[in-house]
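As structure tokens, the structure follows; a few thoughts come after it.
Read the figures in this text as sums done on the coordinates, not as results from a lab. On a predicted model such as this, the values are computed, not experimentally measured, just so you know. All Cβ positions, glycine included, derive from the backbone under ideal geometry; neighbour counts span all protein chains shown.
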Amino acid sequence: MRIAAVGDVHMDTDVLGRFRPALSTLEEQADALLLAGDLTRHGTPEEARCVAEEFGNLPVPVIAVLGNHDYHSDREAEVIRVLEGAGIQVLEGSSAVVDTPGGKVGVAGVKGFGGGFSGRCASAFGEPEIKDFVRHTEVSADRLLRALKDVDTGKKIALLHYSPVPDTLNGEPLEIYPFLGSYLLAEAVDAGGACLAVHGHAHHGSPRGMTPGGVRVRNVAHPVIRQAFSVFELDC
């Protein structure tokens, strides 16, 4: 069972054609393609059409979550419509099941959010703005946990944009770790029974990490993997 993944492709007209040639062999290499957010630069429907042209209508299922860039223009609903019109399934607190020659695999997805990691994290205390910030992550983590538990398959993948662990942020400035992910997402990954978590967002981060519960975490941001996609064998 092989899963391909990439994030942070930041599509616009000037990068059309960068990924499609490599995707012509995707069916031979993987059973599904996961897109880990920041699919556009500014979250416009025009940029989403570039994503649809590059990653749409492929011979394997394509499943995505949005990233922070995809929300920038406040037109995320239109972005989703464009993507889904090209056969790209967009998850947010929801899940999908992919049939592969090796069996079924469930994918649960959320964008996620920040807040930081154990010992160096924000808490829902004080000003309303801080409480809103942390509660947004709490809600996102809870939605991920529910989506993972709703998947009735032996193999489960958590698809995120923000990171669930600090390991895959190595290389980023420490000062921005709280804006790159949250330990609450890792707790959901572990409690939900995932065997792999993939994310993007951290362009200067590291490719490999692990949750406290021992789940593999992979940063698939394009600037990190430096290829059209990475392929992972699900051995869980």
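Quick notes
- Gyration tensor (alpha-carbon) shape descriptor, region 56-181, a/c threshold 1.5: prolate
- Pairs of Cα atoms nearer than 8 Å and 6+ residues apart set the relative contact order; for region 145-184 it is 38 percent.
- Highest GNM mean-square fluctuation among Ser94, Ser140, Ser118, for the chain modelled with Cα contacts below 10 Å: Ser118.
- Straight-line cross-link reach from Lys155 at under 17 Å between alpha-carbon atoms covers these aspartates and glutamates, not counting any fewer than eight positions away in the same chain: Asp31, Asp99, Asp190, Glu233, Asp235.
- Set of lysines near Lys131 by C-alpha distance (under 24 Å), chain-local residues within fewer than 8 positions excluded: Lys111
- Which of Ile176, Ile225 has the fewest Cβ neighbours within 10 Å, and the rest in rising order: Ile176, Ile225
- Ranked Arg143, Arg226, criterion: other C-beta atoms within 10 Å, fewest first: Arg226, Arg143
- Per-q log10 I(q)/I(0), the chain, q = 0.07 Å⁻¹ (Debye; single scatterer per alpha-carbon; no solvent): -0.19
- Using a Gaussian network model of the chain in which every pair of alpha carbons under 10 angstrom is joined by a spring, one finds that among Asp14, Asp150, Asp167 the greatest mean-square fluctuation is at Asp14.
- Gain on full stretching of the segment that runs from Ile176 to Arg208 - 0.36 nm per residue minus C-alpha separation: 9.6 nm
- Cβ-based net charge around Val198, under 14 Å, with every Lys or Arg adding one and every Asp or Glu removing one: +3
- Residue-span extension gain [Ser24 to Ser94] - 0.36 nm each, minus C-alpha spacing: 22.4 nm
- Taking other Cβ atoms within 10 Å as a rough exposure proxy, Asp38, Asp235 sort from fewest to most as Asp235, Asp38.
- Take the Cβ atoms of Lys149 and Gln227, set R0 to 35 Å, and the FRET efficiency comes out at 0.60.
- DSSP bridge orientation in region 117-236 - percent antiparallel, rounded to nearest 5: 30
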